[in-house]
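Pasting a structure here, questions to come.
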Amino acid sequence: MTVLPAVLLLAAGTMALRLAGPALIGDREVPTWLRPAAVGAIAGMIVLGTVDGGGQLALDARVAGIGAAVLAVALRAPLAGVILAGVGVTALVRAAGWG
Amino acid sequence: MSNITHAPYENTSAGLPVPSAIARDVATLCVAVAAYGVAFGVLGRAIGLHPALVVAISVLVYAGGSQMALLGVLAAGGAPLAGVASGLVINSRLVAFGAVAAPLMQGGRGRRLLAAYLLTDEVATLATAQPDERAGQRMFWVSGIALWLSWQLSTVVGAAVGGILGDPAAVGLDAAFPAAFLVLLLPLLRGPAERAAAVGGGVGAVVGLQLLPAGMPVLLAMATGLLAAAAVTRLGRGRVPVEAVPVEAVPAEAVPVEAVPVAVGSGSRP
């Protein structure tokens, strides 16, 4: 299989995944348990974005960056400020050679 | 942090979030998404894909994580089908996000199709965090269209400039999305069940990272998040036997009530 057929397959499968959620819910109310599932997924994505080093745990500059982002959130910074804090500290720590 | 409520949007008298606040946050995310779109475009060219193919991938698949995973497999010389499998696992979270955002994606067939196509993690999170369904629908479409444009245009830019740009990680850009989702997550933490779900999800992600292939740790995080929320809800019920206590005497914390569940229709009164 070359690249383009693979891309088409991924595209079709992804579109099916996108349609599945609303299709399963239909006109009904969203079940109560789905919200914690979504929250769990988002929290998981935050953690993975911080410590995922290609399939294994990696504690590097991102930990400092996300730590700075947490601080920014606690200080009620807007979204842009939190992202800048996270990105900035990560870049600085990397530049300093600490992961 | 549990008693800090990040309420990003003050409502106008019509009950809708202030447009400037929506625009500000969506614009911020557009910048973050654009940075990754450029990275994807550059990476695609770096492994030798035709620029038109790189752009086509972003249009057809429109899911950054899986797009990067596909490139990773191709770069390592793996079979494209393996990249497809990995990508589909990574994108399976879209089922949950689509389900939670379902009330905000309604309409005629064409509209529902477009809504599904525009669905991403960020769009779903932003939209379901809104205080009510009308605001949620507005946020869905505004962020859905804006982020799509951002991704496509930045992919074009990245594919066009090729290898001129350096490594996104060097400038700390890989921290952008975890940082953004931190902020986006907070309005969703409306009660003890959701907060437990966040902790459970984080733990599940770390465990899954050690044991599972790409994309699956997030699915495990969903499951552990669910379990944690269920456990907390059950403990809450156990403390206060509803039949034996007059309604006024029930302390607010013992009963995880969702004050404004309209956006996802999830009234969690036990």
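Take the conditions crowded, with 24+ Cβ neighbours inside 10 Å and more than 16 Å from the chain's Cα centre (by Cα) and apply them to A:V89. Does it pass?
The answer is yes for A:V89.
Scan (1) within 18 Å of B:A115 (Cβ to Cβ); (2) under 18 Å from the mean Cα position of the chain (by Cα); (3) surrounded by fewer than 20 Cβ atoms within 10 Å (Cβ to Cβ) for the single condition A:G53 breaks and write down its number.
With (1) within 18 Å of B:A115 (Cβ to Cβ); (2) under 18 Å from the mean Cα position of the chain (by Cα); (3) surrounded by fewer than 20 Cβ atoms within 10 Å (Cβ to Cβ) applied to A:G53, the lone miss is (1).
A further question follows. Evaluate segment A:62-79: report whether one residue or more is touching a Pro at 6+ places or on another chain (Cβ under 6 Å), within 7 Å of chain B (Cβ to nearest Cβ) and surrounded by 20 or more Cβ atoms within 10 Å (Cβ to Cβ).
Residues of segment A:62-79 that are touching a Pro at 6+ places or on another chain (Cβ under 6 Å), as a first pass: A:66.
Checking the rest, the ones that are also within 7 Å of chain B (Cβ to nearest Cβ) come to A:66.
Retained after the next criterion (residues that are surrounded by 20 or more Cβ atoms within 10 Å (Cβ to Cβ)): A:66.
Yes, the conditions are met somewhere in segment A:62-79.
Follow-up. Among the candidates B:A21, B:A27, B:A32, B:A76, single out the residue that is crowded, with 21+ Cβ neighbours inside 10 Å and either at pLDDT 85 or above or farther than 26 Å from A:L19 by Cβ (or both).
Working: B:A21 fails: crowded, with 21+ Cβ neighbours inside 10 Å; B:A27 fails: crowded, with 21+ Cβ neighbours inside 10 Å; B:A76 fails: crowded, with 21+ Cβ neighbours inside 10 Å.
Among B:A21, B:A27, B:A32, B:A76, only B:A32 is crowded, with 21+ Cβ neighbours inside 10 Å and either at pLDDT 85 or above or farther than 26 Å from A:L19 by Cβ (or both).
Got at least one residue in segment B:110-117 being in contact with a Gly (Cβ under 8 Å, 6 or more places away or on another chain), assigned to a helix (DSSP H, G or I), within 7 Å of chain A (Cβ to nearest Cβ) and small (G, A, S)?
Yes, segment B:110-117 contains at least one residue that is in contact with a Gly (Cβ under 8 Å, 6 or more places away or on another chain), assigned to a helix (DSSP H, G or I), within 7 Å of chain A (Cβ to nearest Cβ) and small (G, A, S).
Can you say whether A:G99 is at positive phi and more than 8 Å from every other protein chain (Cβ to nearest Cβ), as far as the supplied structure shows?
Answer is yes for this residue.
Another question about this same structure. Hey, among B:G201, B:G191, which residue is modelled with pLDDT of 95 or more, under 30 Å from B:M139 (Cα atoms) and surrounded by 21 or more Cβ atoms within 10 Å (Cβ to Cβ)? I'd like the intermediate steps shown before the answer.
Values: B:G191 fails: modelled with pLDDT of 95 or more.
Every option except B:G201 fails the conditions.
Another question, then. Please specify each residue of segment B:159-179 satisfying the condition of being of a type in the set (V, I, T) and modelled with pLDDT under 75.
Matches in segment B:159-179: B:I164, B:V171.
Every residue in segment B:88-101 that is of a type outside the set (V, I, T), within 12 Å of A:R35 (Cβ to Cβ) and at the interface with chain A (Cβ under 7 Å from one of its Cβ atoms), please. Give the steps one after another, and end with the answer.
First, pick out the residues of segment B:88-101 that are of a type outside the set (V, I, T): B:88, B:91-94, B:96-99, B:101.
Imposing the further condition that a residue be within 12 Å of A:R35 (Cβ to Cβ) reduces the set to B:96-97, B:99, B:101.
B:A96, B:F97, B:A99 - these are the residues of segment B:88-101 that are of a type outside the set (V, I, T), within 12 Å of A:R35 (Cβ to Cβ) and at the interface with chain A (Cβ under 7 Å from one of its Cβ atoms).
Let me ask something additional. Got at least one residue in segment B:130-140 being modelled with pLDDT of 95 or more, within 11 Å of the chain's Cα centre (by Cα) and polar (S, T, N, Q)?
No, that holds for no residue.
When you go through (1) more than 9 Å from chain A (Cβ to nearest Cβ); (2) surrounded by fewer than 23 Cβ atoms within 10 Å (Cβ to Cβ); (3) of a type outside the set (S, T, Y) one by one for B:L60, which number turns out not to apply?
That leaves (1) as the condition not met.
Could you figure out which of (1) without any contact (Cβ under 8 Å) to a residue 60 or more places away in the chain; (2) facing chain A (nearest Cβ under 9 Å); (3) under 21 Å from the mean Cα position of the chain (by Cα) isn't true of B:L53?
Unmet for B:L53, out of (1) without any contact (Cβ under 8 Å) to a residue 60 or more places away in the chain; (2) facing chain A (nearest Cβ under 9 Å); (3) under 21 Å from the mean Cα position of the chain (by Cα): (3).
Here is a follow-up. Any idea how many residues of segment A:16-49 are more than 7 Å from chain B (Cβ to nearest Cβ) and either surrounded by 21 or more Cβ atoms within 10 Å (Cβ to Cβ) or assigned to a helix (DSSP H, G or I) (or both)?
Number satisfying all stated conditions: 2.
Of all the residues that make up segment B:170-196, how many are part of a helix (DSSP H, G or I) and in contact (Cβ under 8 Å) with a residue 12 or more places away in the chain?
Taking segment B:170-196 first, the residues part of a helix (DSSP H, G or I) are B:170-171, B:173-188, B:192-196.
Narrowing further to those that are in contact (Cβ under 8 Å) with a residue 12 or more places away in the chain: B:173, B:176-177, B:180-181, B:183-188, B:192-196.
Looking only at that region, the number is 16.
Additional query: If I go through segment B:47-64 residue by residue, how many of them are outside any helix (DSSP H, G or I) and on the phi < 0 side of the Ramachandran plot?
Final tally of qualifying residues: 5.
Pick from segment B:79-128 the residues that are surrounded by 17 or more Cβ atoms within 10 Å (Cβ to Cβ) and hydroxyl-bearing (S, T, Y): which of them is farthest from the chain's Cα centre (by Cα)?
Per the criteria, the residue is B:S86.
The values are calculated or read from the model by the stated rules, or taken from the named source; none is laboratory data. Since this is a predicted model, take the numbers as computed values, not measurements. Cβ sites come from the backbone with ideal geometry, for glycine too, and all protein chains shown count toward neighbours.
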